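See below for the structure under consideration.
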Amino acid sequence: MRANCSSSSACPANSSEEELPVGLEVHGNLELVFTVVTAVMMGLLMFSLGCSVEFRKLWSHIRRPWGIAVGLLCQFGLMPLTAYLLAISFSLKPAQAVAVLVMGCCPGGTISNIFTFWVDGDMDLSITMTTCSTVAALGMMPLCLYLYTLSWNLEQNLTIPYQNIGITLVCLTIPVAFGVYVNYRWPKQSKIILKIGAIVGGVLLLVVAVAGVVLAKGSWNSDITLLTISFIFPLIGHVTGFLLALLTHQSWQRCRTISLETGAQNIQMCVTMLQLSFTAKQLVQMLSFPLAYGLFQLLDGFLIVAAYKMYKRRLKNEHRKKNTRCEEGCHNKKSTSPKETGAFLEVNEEVTITSGPSMPMDLHTTLEPTGHISSGT
């Protein structure tokens, strides 16, 4: 392992003496588009999402980092192991296997924060996890890559993009800090900013997806095996992250958050590391994987959000029907006085709010179908 090179001549992937293959010219344009769009997206998104963060809750996650610890275990425990097992199981070529492993060792991406907001997840935990995983990547990325490549006997040294990690941290923490401050000083205005940011974030995600499909249509790897891995890898991350959070007795809100954080990787960091570490000819076999992973990652996120919205609407309809039947039953009881009826409804409401830890009620409380019951984390 070594730090990223300061000059283009020092890195084989950036050598000016080596002629780039035709396919990489498209990747150069694609990288430029992704860099600009990602910078804008991270700034606007993290500022707007920071407006949903309360400093008190953020500090509670830092003081009791149980949720953060579970998330880091998923990020740098489950994902690198999954990447290694997939590379071995599908008997990938060495260059392709390294690309899959590098993706698994990358920290969480910002895309998870916007998806967490759309599924009513724990935004304080989501942003804290993204920040902590990016900081931990300074040491965990080289450690995981070293451990899992011991048996591969790589001739090429892998370059950790420390500069890229630092830029990611700056683009993440500064906008969030401003958002937290706005939420503290102007809570009403912060809600408006949050709604606008969610819409802008969705539009930017679609732009990234469309740009990736259009600009890279001629550079897709014809290897169906690599495309299959790029499809199932984020799904495995989402499922295993949710199950581990569930096994560690996290709330349903935190389970959704950790699941999305686990499956969402920092695509740009993976591409940067591959470009710093390998030659142009090797990159032809590699760069299609992080691109495909990023697109399938977006697709999976939208599907998860759509499934959650449908489930939430169904719970809301069921809750509305129960309230309607309750009101009709109370009106039909003529022997019951208005005062007694009001007391009965008040007791029922109190019982609903203070219900025990049974799973159906916990799920119903966490989803907050009516917007009046807040979930406990």
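A few comments on the model shown:
- Remark on region 260-333: Rg and Dmax equal 24.0, 81 Å (Cα only).
- Going by accessible surface with a 1.4 Å probe and the largest first, ILE232, ILE114 read ILE232, ILE114.
- Accessible-area value, CYS326, 1.4 Å probe, nucleic acids and ligands omitted, Å²: 40
- For GLU54, solvent-accessible area (1.4 Å; no DNA, RNA or ligand), Å²: 80
- Net charge, THR324 excluded, C-beta distance under 13 Å - Lys, Arg +1, Asp, Glu -1: +2
The values are calculated or read from the model by the stated rules, or taken from the named source; none is laboratory data. What you are looking at is a predicted structure, and each value in this text was computed from that prediction instead of being measured. Neighbour counts are summed over all protein chains in view; Cβ atoms, including those assigned to glycine, are modelled from backbone coordinates with ideal geometry. For the accessible areas, the whole protein counts, side chains as well, though only heavy atoms, and no ligand, DNA or RNA atoms are used. Shrake-Rupley method; radii C 1.70, N 1.55, O 1.52, S 1.80 Å.
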